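Heads up, the thing below is written out as structure tokens.
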Amino acid sequence: MGEPVVKKQKQEDSKEFDNLFTDLVNELVEPDLDNKEIGDAMKRFKDVIEYNVPGGKRNRGLTVISAYRSLVGKTDIDAEDVKCAMVLGWCVEWLQAFFLVADDIMDQSVTRRGQACWYRKEGVGHDAINDSFYIEACIYRMLKKVIRKKSYYVDVMELFHETTYQTIVGQSLDLITAPEGSRDLTRFTEIRYNAIVKWKTAFYSFYLPVALAMYMYGIDEPETHASAKQILLEMGRFFQIQDDFLDCYGDPAVTGKIGTDIEDNKCSWLVVQALEKATPEQKQIIEVSSWITGVRKGNPRTETNYRGELWYK
């Protein structure tokens with residue numbers, strides 16, 4: 001396919017992908033909205049989904065359909081297969097939303113995708129923990145509804161479970177590397193950083209969408225998946241490095257979130273690089289500075305310029 005055709009196809013897929021979201025939400029919640037026992041919960045969960053799942057760049061979800069089209073190599077794909085690919089794409093977005101709602105609570109983040117984090121909304125608070133469980137449950141309900149009779153159903157189910165496990169491991173690495181109240185910067189090494197990125201981000205953001213398309217197309221050989229994984233995990237590392245930079249220096253009006261990695265004492269690429277280059281005296285400054293203790297301030301972005309001057313002056 002020529003470049004203009006591919007571009008047009010991606011635009012059409014993006015529009016169709018967005019339109020499908022409302023249908024999927026209705027499939028999940030409408031059957032129980034009038035249920036006298038659980039109707040109230042379904043009304044809340046509808047709000048949970050509509051607030052937390054859309055609004056991002058949808059790169060992960062759209063990659064599923066894009067990768068599948070690339071594997072098939074033609075535009076006239078069966079409509080049912082296109083829908084299946086898009087449903088799998090939205091399941092990736094649901095997984096992302098599940099992780100983000102929980103992550104924002106743990107990090108005490110302020111904004112996400114240009115709006116207040118879900119747990120910070122009035123009347124939500126720690127109830128957001130249960131809401132995150134519901135978002136994850138939606139993945140498996142939707143997979144059962146749409147692809148249960150497909151030959152790749154078991155592979156896809158196992159992949160989502162394995163990816164969730166990998167991301168939880170990565171989140172744990174992130175948390176124990178910088179526990180609340182601790183300032184042991186010896187943990188902040190490039191080896192640990194790469195492990196966190198690989199397990200917390202790269203598996204679900206880069207390998208998962210492509211692997212789903214591969215399973216749909218019938219590619220299930222472990223060797224082929226291993227080769228794809230090696231490339232995709234490295235792409236994930238580059239993505240996270242850029243994301244870490246934007247967390248500090250990005251404009252919240254553009255990124256949609258107020259970065260808090262430094263205030264949260266995260267093992268981010270910036271601090272790892274700073275510690276590698278810093279003199280013992282400079283490392284002492286980093287360690288004792290208030291923004292590395294994890295103590296939250298009224299506006300996390302007020303010290304952006306100070307941080308930049310300290311690290312790169």
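Could you tell me which of the residues Ile219, Ile196 is surrounded by fewer than 20 Cβ atoms within 10 Å (Cβ to Cβ) and either among the aliphatic types (A, V, I, L, M) or free of Cβ contacts under 8 Å to residues at least 12 places away in the same chain (or both)?
Testing whether each residue is surrounded by fewer than 20 Cβ atoms within 10 Å (Cβ to Cβ) and either among the aliphatic types (A, V, I, L, M) or free of Cβ contacts under 8 Å to residues at least 12 places away in the same chain (or both) leaves just Ile219.
Among Ala97, Ala128, Ala137, which is open to solvent by 20 Å² or more (accessible area, probe 1.4 Å), closer than 21 Å to Lys200 by Cα, out of contact with any Leu (no Cβ under 8 Å at 6 or more places or on another chain) and at pLDDT 95 or above?
From the options Ala97, Ala128, Ala137, the qualifying one is Ala137.
Mind listing whichever residues of the stretch 100-125 are in contact (Cβ under 8 Å) with a residue 40 or more places away in the chain, under 22 Å from Thr22 (Cα atoms) and either open to solvent by 30 Å² or more (accessible area, probe 1.4 Å) or not in a helix (DSSP H, G or I) (or both)?
Answer for the stretch 100-125, where residues must be in contact (Cβ under 8 Å) with a residue 40 or more places away in the chain, under 22 Å from Thr22 (Cα atoms) and either open to solvent by 30 Å² or more (accessible area, probe 1.4 Å) or not in a helix (DSSP H, G or I) (or both): Arg112, Arg113, Gly114, Gln115.
Quick one: in the stretch 176-190, of everything that is among the β-branched types (Val, Ile, Thr) and part of a helix (DSSP H, G or I), which residue is least open to solvent (accessible area, probe 1.4 Å)?
Thr177
Looking at Asp23, Asp76, which is the one that is loosely packed, with under 15 Cβ neighbours inside 10 Å, on the phi < 0 side of the Ramachandran plot, of a type in the set (D, E, K, R) and assigned to a loop (DSSP other than H, G, I, E, B)?
After ruling out the rest, the residue left standing is Asp76.
For (1) in a loop (DSSP other than H, G, I, E, B); (2) open to solvent by 40 Å² or more (accessible area, probe 1.4 Å); (3) touching a His at 6+ places or on another chain (Cβ under 7 Å); (4) in contact (Cβ under 8 Å) with a residue 60 or more places away in the chain, each residue gets a yes or a no:
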{"residue": "His161", "(1), (2), (3), (4)": "no, yes, no, no"}
{"residue": "Tyr165", "(1), (2), (3), (4)": "no, yes, no, no"}
{"residue": "Asp174", "(1), (2), (3), (4)": "no, no, no, yes"}
{"residue": "Arg192", "(1), (2), (3), (4)": "no, yes, no, yes"}
{"residue": "Leu208", "(1), (2), (3), (4)": "no, no, no, yes"}
{"residue": "Gln230", "(1), (2), (3), (4)": "no, yes, no, no"}
{"residue": "Leu233", "(1), (2), (3), (4)": "no, no, no, no"}
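The values are calculated or read from the model by the stated rules, or taken from the named source; none is laboratory data. Just so you know, these numbers come straight off a predicted model, no measurement behind them. Because the Cβ atoms are built from the backbone with ideal geometry, glycine has one as well, and the counts that use them run over all protein chains shown. To get the accessible areas, we keep the full protein, side chains included, count just its heavy atoms, and leave off ligands, DNA and RNA. Shrake-Rupley method; radii C 1.70, N 1.55, O 1.52, S 1.80 Å.
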